[in-house]
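A.B. asks: Sending over a structure as structure tokens; questions will come in a sec.
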Amino acid sequence: MGRSRRTIPEELLLLALDPATGTTAQPQSLDLGLAGAQLVELALAGRIAPDGDRIAVVMPRPTGDPTLDSALELLRRRGSPVRAVHWIGGPRLGLRQIYLSHLERCGMVHAVAGQMCGVLPTTRYQATDTAISRDIRARLDSAIRTGVPPDPRTAALAALAHAVGLGKHLYPGNEGRSSRSRLRDLIRHDPMGGLVAHAVMDVQNGAVAQPRRSPAPGGGRQPGPVPMQPRRGSMARVAAH
């Protein structure tokens, strides 16, 4: 996979980066969106494919992108298709910072050191080329404005932007209400993007549960659904970041 094209995780993070403050919008859900964006990018590269609500590896050959290949290897080690909601809710702490550092190495952003309350060290990230962010935003604006079905990459990006709550950041206030609604509607134009976007929203809503058990033999009382215990650090990540 060459570097001539930005990946969907990179574009999602650049969309979330506030040019005025150097911080990311929706930080609590952005890690989930980045995990979902990795799945979409791997699907577009022909490495994975949806299998119902699960993700299956169909070609384990590396893409050449270290961050994507790390995710691909983890999926390969599972040995069997994994539910998208379980993968996205898994314990991958710091994915947002990993991609910020990646964008810095690629020269797309630069880090600005600072302090909070004059004591706590902080780091803000400024885009080095605002034309890149404007181009990404223009693709979303065009899809929203024209109503023409977007290409799969733009459709998936729109679906993930909606899933992590970037709509109110990109199209704020009452005047942006119709644009936010159309952004949400773009979710239907890419099956993989739709699958992972719904999985991102399910994780945020705590809807990560096992399927219902089969009826008890002999018509006995069937136990209710058994909530799945979150993996260590998974749901805590949603609250902490």
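The values are calculated or read from the model by the stated rules, or taken from the named source; none is laboratory data. All of these numbers come straight from a predicted model, not from anything done at the bench. Positions of Cβ are backbone-derived with ideal geometry, glycine not excepted, and every protein chain shown enters the neighbour counts. These area figures cover heavy atoms from the full protein model, side chains too; ligands, DNA and RNA do not enter into them. Shrake-Rupley method; radii C 1.70, N 1.55, O 1.52, S 1.80 Å.
A.B. asks: Whether any residue in the range 28-44 is surrounded by fewer than 17 Cβ atoms within 10 Å (Cβ to Cβ) and either at positive phi or aliphatic (A, V, I, L, M) (or both) is what I want to check.
C.D. replies: Just the residues of the range 28-44 that are surrounded by fewer than 17 Cβ atoms within 10 Å (Cβ to Cβ), to begin with: 28.
After this cut, where a residue has to be either at positive phi or aliphatic (A, V, I, L, M) (or both) as well, the list is none.
No - not one qualifying residue is present in the range 28-44.
A.B. asks: Residues being touching a strand residue (DSSP E or B) at 6+ places or on another chain (Cβ under 8 Å) and not in a helix (DSSP H, G or I): count how many of those fall in the range 26-53.
C.D. replies: Looking only at the range 26-53, we keep the residues that are touching a strand residue (DSSP E or B) at 6+ places or on another chain (Cβ under 8 Å), and these are 30, 39, 42-43, 47-50, 53.
Imposing the further condition that a residue be not in a helix (DSSP H, G or I) reduces the set to 47-50, 53.
Number satisfying all stated conditions: 5.
A.B. asks: In the set Pro121, Pro172, Pro149, which member is assigned to a loop (DSSP other than H, G, I, E, B) and at pLDDT below 90?
C.D. replies: Working: Pro121 fails: assigned to a loop (DSSP other than H, G, I, E, B); Pro172 fails: at pLDDT below 90.
So the residue among Pro121, Pro172, Pro149 that is assigned to a loop (DSSP other than H, G, I, E, B) and at pLDDT below 90 is Pro149.
To keep it simple, each residue is scored yes or no on (1) touching a residue at least 24 places away in the same chain (Cβ under 8 Å); (2) touching a Leu at 6+ places or on another chain (Cβ under 9 Å).
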{"site": "Leu34", "(1), (2)": "yes, yes"}
{"site": "Arg54", "(1), (2)": "yes, no"}
{"site": "Val58", "(1), (2)": "no, no"}
{"site": "Leu74", "(1), (2)": "no, no"}
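A.B. asks: Now for a different question. Within the range 141-178, can you find the residues that are among the polar types (S, T, N, Q) and either open to solvent by less than 50 Å² (accessible area, probe 1.4 Å) or closer than 20 Å to Met192 by Cβ (or both)?
C.D. replies: First pass over the range 141-178, keeping only residues among the polar types (S, T, N, Q): 142, 146, 154, 174, 178.
Across the range 141-178, the qualifying residues are Ser142, Thr154.
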